[in-house]
Amino acid sequence: MARPSLKKFRRIVVKVGSSLLIDSQAGDVRSSWLAALADDIAELHREGREVLIVSSGSIALGRSRLKLPRGALKLEESQGAAAVGQIALARIWSEVLGARGIGAGQILVTLQDTEERRRYLNARSTIAKLLEWRAVPVINENDTVATTEIRYGDNDRLAARVATMASADLLILLSDIDGLYDAPPGSNPDAKLVPVVESITAGIEAMAGEAESELSRGGMRTKIEAAKIATTGGTHMLIASGKIEHPLRAIAGGGRCTWFLTPANPVTARKRWIAGSLEPKGTLTIDAGAVSALRAGKSLLPAGVIRVEGQFARGDAVVVRGPDTHEVGRGLVAYDAEDAEKIKGRSSPDVMAILGISGRAEMIHRDDLVIGPRHTKAG
């Protein structure tokens, strides 16, 4: 399948990782590289595009400013370094964009800001207002308060969450590598770049490697997870090298990268939120008949569920898988795990007799369910 043109996208999220932004030896910003990227962003901005930036780097900058020794930091040390680094990071982006006549606004988020519907809507509204003002939102995880239990863990998935929250057309992950390869390119000289991924299959997931840079929290695995979130939420995604200067200009000119495509069907704001849930609490495996019903727009009934896994409560996000283990979609479940286990495989009229209460007829109502793309081979 042919790769899309960058010109077709109106709202674009660009993710910039620490390893690209920060010189690991000097501990400071790679100024010439950032200036070239800012030129690319300004060019898109002049064309009328809306650009959002998801930027890492606060902890690395804070560590440098505070002259902290190399090595792993304790949680409170990371939070303290982030507090110092966030000021520096915001100023850096404000100055480099301001020099090109573009205003910048900082937004710091935690996992809870996107998992809780009301906070999600508040963040979405702030982003929308900044874009209306033609300012560039610069977004980062709030490392000063995020803990190991609630943090995103990597800014790839954060960027995907932001992209779905902002109803972006495209998410660009600038990386240490120029895309997804069918084998580890560092050790296999015959490894080939995969230019287009139409849907994320088990084979695509198997191609993912691990992080190579000491400043990167995420590797190719987290980028594949980000692609799942983005494409399920209606956003195209691509992975491209950020090591070169003017990386966005290179993409526009047909440079090497991997595109992850999403179906063209529109996705409502609520379903974008459900699709991008980063922490599904469990899994429902369903039979082939239920898969067909869901793809036809039906709700998931208890009768179609063949296996229940995980510890989840009513209203939690769960993954729905077909009998072949492929992910069919994600949704908000109407029963907790214990009750779901009791009523799986049973007809709706049996639910009251089994549970002793008149619960919902559906395990997941179609309004609370987002169906992902069908699984096809990579292009």
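The values are calculated or read from the model by the stated rules, or taken from the named source; none is laboratory data. Every value quoted in this text rests on a predicted model; they were computed, and no experiment measured them. All Cβ positions, even for glycine, are placed from backbone atoms using ideal geometry, and neighbour counts span all protein chains on display.
Some points to look at:
- Among the residues making up segment 313-354, those that are within 29 Å of the chain's Cα centre (by Cα) and exposed (fewer than 14 other Cβ atoms within 10 Å of the Cβ) are Ala313, Gly315, Asp324, Thr325.
- Strands (runs of 3 or more DSSP E) enclosed by segment 222-327 - at least 1 residues per element that are aromatic (Phe, Trp, Tyr) and assigned by TED's automatic domain parsing to the domain that holds Pro195: 257-260
- Qualifying positions in segment 12-48 - under 17 Å from Ala90 (Cβ atoms), assigned to a strand (DSSP E or B) and among the aliphatic types (A, V, I, L, M): Val14, Val16, Ile22, Val29
- Only one entry of Ser187, Ser199 meets the criterion of being farther than 17 Å from Val16 by Cα, more than 20 Å from the chain's Cα centre (by Cα), modelled with pLDDT of 80 or more and among the polar types (S, T, N, Q), and that entry is Ser187.
- Segment 202-211 - residue that is surrounded by fewer than 17 Cβ atoms within 10 Å (Cβ to Cβ) and either touching a residue at least 40 places away in the same chain (Cβ under 8 Å) or more than 18 Å from the chain's Cα centre (by Cα) (or both) and, of those, nearest to Ala36 (Cα to Cα): Ala206
- Output for segment 189-199, where each listed residue is assigned to a loop (DSSP other than H, G, I, E, B) and of a type in the set (Val, Ile, Thr): Val194
- Restricting segment 239-273 to residues that are surrounded by 19 or more Cβ atoms within 10 Å (Cβ to Cβ) and closer than 23 Å to Ala317 by Cα, the residue that is modelled with the lowest pLDDT: Val267
- Residue identified as assigned by TED's automatic domain parsing to the domain that holds Ser167, among the charged types (D, E, K, R) and under 24 Å from Ala230 (Cα atoms) among Asp40, Asp28: Asp40
- Just one of the listed residues (Lys67, Lys74) is under 14 Å from Gly27 (Cα atoms), surrounded by fewer than 21 Cβ atoms within 10 Å (Cβ to Cβ) and free of Cβ contacts under 8 Å to residues at least 60 places away in the same chain, namely Lys67.
- Within the set Arg270, Arg221, Arg256, Arg249, the sole residue that is among the basic types (Lys, Arg) and under 30 Å from Met352 (Cα atoms) turns out to be Arg270.
- Residue match in segment 365-378 (condition: over 30 Å from Ala2 (Cβ atoms), outside the structural domain of Glu116 (by TED's automatic domain parsing) and of a type in the set (Gly, Ala, Ser)): no
- Identity of the residue in segment 49-90, in a strand (DSSP E or B) and closer than 15 Å to Asn142 by Cβ, that ends up modelled with the highest pLDDT: Val54
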